[in-house]
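Quick notes on the structure that follows.
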Amino acid sequence: MNRSEFATTVLEGGQVRLRSVTPTDYEELYALQYTIEDREWTEWDGPYYKDEEHEETCTEFVENYERIKARNLPWEPRLLVETKEGETLGVVTSYWEHKPSNWLEAGILLYRSTTWSRGSGTEALRLYVDYLFAHLDVPRVGITTWSGNARMMRAAERIGMQLEGRMRRCRIVRGELYDSIRMGVLREEWEERYGGIGGMGQSESR
């Protein structure tokens, strides 16, 4: 079954495809987040929040996705990342840090550590940031990470984001202090770098 046939948004890149999350994806995404043996991603994706996190039941997980759909937003705050052959890699996400001032943050999570460092995450982030600029009237898109997550910082830099803020020694990870990192790119910087907005991949609405 080609699950992308049921997606309302599809962004085709050279290595990866970004598309809408459909109900047929819920079981696999829940397993990737909570039950697969490869848990290395939890050491990099906000590990300083570990003690505060609540493990959702599968029902809660599905309800969360369905609530997002029911809001009928002008953009998709979560898109699934998969290979061109249809293997699920993870998700890209976005959220309002402060909606009245159009402060939007994005993120990416690839669950399987064996798929890291191949350029897939960088391409997925680039496709998604372009999609966000095309669908939302925002002056900037940013990411928040920590100074120990060199892969995330490199991916953000490669697509044109700049270091905008460093809150020093305010994240504790495995007993060590790290900096909180803010990076971002302005709309005009994105347009200059890529020759426009909304031209990456093939964005389809069905």
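Neighbour counts of C-beta atoms inside 10 Å place E82, E12 in the sequence E12, E82, starting with the fewest. Only DSSP H runs of four or more residues enter the estimate; each adds -39500 (n - 2.57), and after division by the residues of the chain the mean residue ellipticity at 222 nm equals -8000 deg cm²/dmol.
Going from the residue with the fewest nearby Cβ atoms within 10 Å to the one with the most, H98, H54, H135 rank H54, H98, H135. Between the beta carbons of C58 and S180, assuming R0 = 22 Å, the FRET efficiency works out to 0.10 to the nearest 0.05. Entry note: region 117-174 has Rg to Rh equal to 1.01, where both radii use alpha-carbon atoms and Rh is the Kirkwood radius. Between S117 and E66, the simple spin-label model (points 7 angstrom out along Cα→Cβ) gives 4.2 nm. For C170 and E87, what does the FRET efficiency come to when R0 = 30 Å and r is the distance between their Cβ atoms, rounded to the nearest 0.05? Once rounded, the FRET efficiency stands at 0.25.
Return the FRET efficiency for the residue pair A31, L163: r is the Cβ-Cβ distance, R0 is 35 Å, and the value is rounded to the nearest 0.05. Working from the Cβ atoms, E equals 0.50. For Cα extents along the principal axes in Å, the choices are (i) 73, 38, 26; (ii) 55, 35, 32; (iii) 46, 43, 35; which was calculated from the structure? Checked against the structure: label (iii).
For the pair R193 and W103, the difference between a 0.36 nm per residue extended length and the Cα-Cα distance amounts to 30.3 nm.
Going from the residue with the fewest nearby Cβ atoms within 10 Å to the one with the most, E176, E76 rank E176, E76.
Considering the options Y26, T122, V81, tell which one lies farthest towards the positive end of the dipole of region 3-205, charges being +1 on Lys and Arg and -1 on Asp and Glu at the Cβ, about the Cα centre. The one lying farthest along the dipole's positive direction is T122.
Bear in mind that the values in this text are calculations on the coordinates, not laboratory data. Nothing here was measured: the structure is a model prediction, and the numbers come from that model. No Cβ is skipped: glycine too gets one built from the backbone with ideal geometry, and neighbour counts run over all protein chains shown.
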